[in-house]
Amino acid sequence: LSISTTRVGIGTDAPDKTLHLHHASRVDIKFSNSGDASHYIRKDGDFLRFRGDNDDDIIFEMKNNSQGNICSFQSGSVGIGTPSPNAPLHISQDLGGANIDILHLQNTDDSNGSRDVAILFTQPAQSWTMGIDDSASDSFILAAGNTIATSPVLQLAPAGDVTFTGDL
């Protein structure tokens with residue numbers, strides 16, 4: 001333990017930040033209080049991991065090395081404004097006491113093994129989806145509703161053919 005007037009070092013005699021923790025293999029910082037589950041942050045190699053009560057419970061991790069930077073969640077999904085994302089990227093907002101889904105970025109499989117990549121935009125009264133529909137020869141589709149297969153309004157085929165549904 002090293003203490004100067006402006007810096008504290010644990011595991012180092014030469015702290016170069018306000019709080020400097022050092023260990024040859026890894027550094028853990030634990031947060032706990034009576035009656036609640038503990039959490040901790042671990043610096044382990046190239047990773048900085050936010051963990052739950054045990055070693056197997058990785059909540060969030062960041063990796064920074066020569067191969068690039070990576071941020072990941074154990075579930076594989078990121079939620080902004082929601083604790084339970086149901087798409088790889090799920091954004092919600094509290095509007096007047098109601099949690100409204102604003103955006104879903106999703107890659108889905110249907111019963112035929114078709115893969116679709118879509119973005120869902122939602123408002124309380126209307127939803128729109130746009131994306132690539134594998135079952136429609138990889139066409140780009142804009143649809144009214146929660147899926148690109150529901151009520152397509154515009155379809156752009158890879159060859160350039162355009163189909164509109166409804167009045168122009």
(message) Can you return the aspartates and glutamates within cross-link range of residue 63? Criterion is Cα-Cα under 12 Å, with same-chain partners fewer than 8 residues away left out.
(response) 44, 46
(request) Please give every one of the lysines within straight-line cross-link reach of residue 17, meaning a C-alpha to C-alpha distance under 19 Å, and leave out same-chain neighbours fewer than 8 residues apart. (result) 43
(request) Would you work out the charge dipole size for segment 44-109 about its Cα centre, treating the Cβ of every Lys and Arg as +1 and the Cβ of every Asp and Glu as -1, and quote it to the nearest 20 debye? (result) 240
(request) Over segment 48-168, give the accessible area per residue in Å² for a 1.4 Å probe, as an integer. (result) 63
(message) Spelling out what I want: for every residue of segment 49-64, take phi, set θ = phi - 60°, compute 6.51 cos²θ - 1.76 cosθ + 1.60 (Karplus), and round to whole Hz; glycine and proline get x.
(response) 10, 9, 10, x, 5, 10, 5, 7, 9, 8, 7, 7, 9, 10, 10, 9
(message) Computing the accessible area with a 1.4 Å probe over protein heavy atoms, can you report the carbon and sulfur percentage for the chain?
(response) 54
(message) At 7 Å along Cα-to-Cβ for each site, give me the label-to-label distance between residue 6 and residue 55 in nm.
(response) 3.9
(message) Starting from 0.36 nm per residue, how many nanometres of slack lie between residue 32 and residue 95 once their C-alpha separation is accounted for?
(response) 19.4 nm
(request) Could you order peptides 151-162, 130-141 by the average number of other Cβ atoms within 10 Å of their residues, highest first? (result) 130-141, 151-162
(message) 7 Å from Cα along Cα→Cβ at both residue 86 and residue 154: what's the point-to-point distance in nm?
(response) 2.8
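The values are calculated or read from the model by the stated rules, or taken from the named source; none is laboratory data. All values reported here derive from a predicted model rather than from experimental measurement. Reconstructed Cβ throughout: ideal geometry from the backbone, glycine too, with neighbour counts over all protein chains shown. Areas reflect the complete protein model, heavy atoms only, side chains present, ligands, DNA and RNA absent. Shrake-Rupley method; radii C 1.70, N 1.55, O 1.52, S 1.80 Å.
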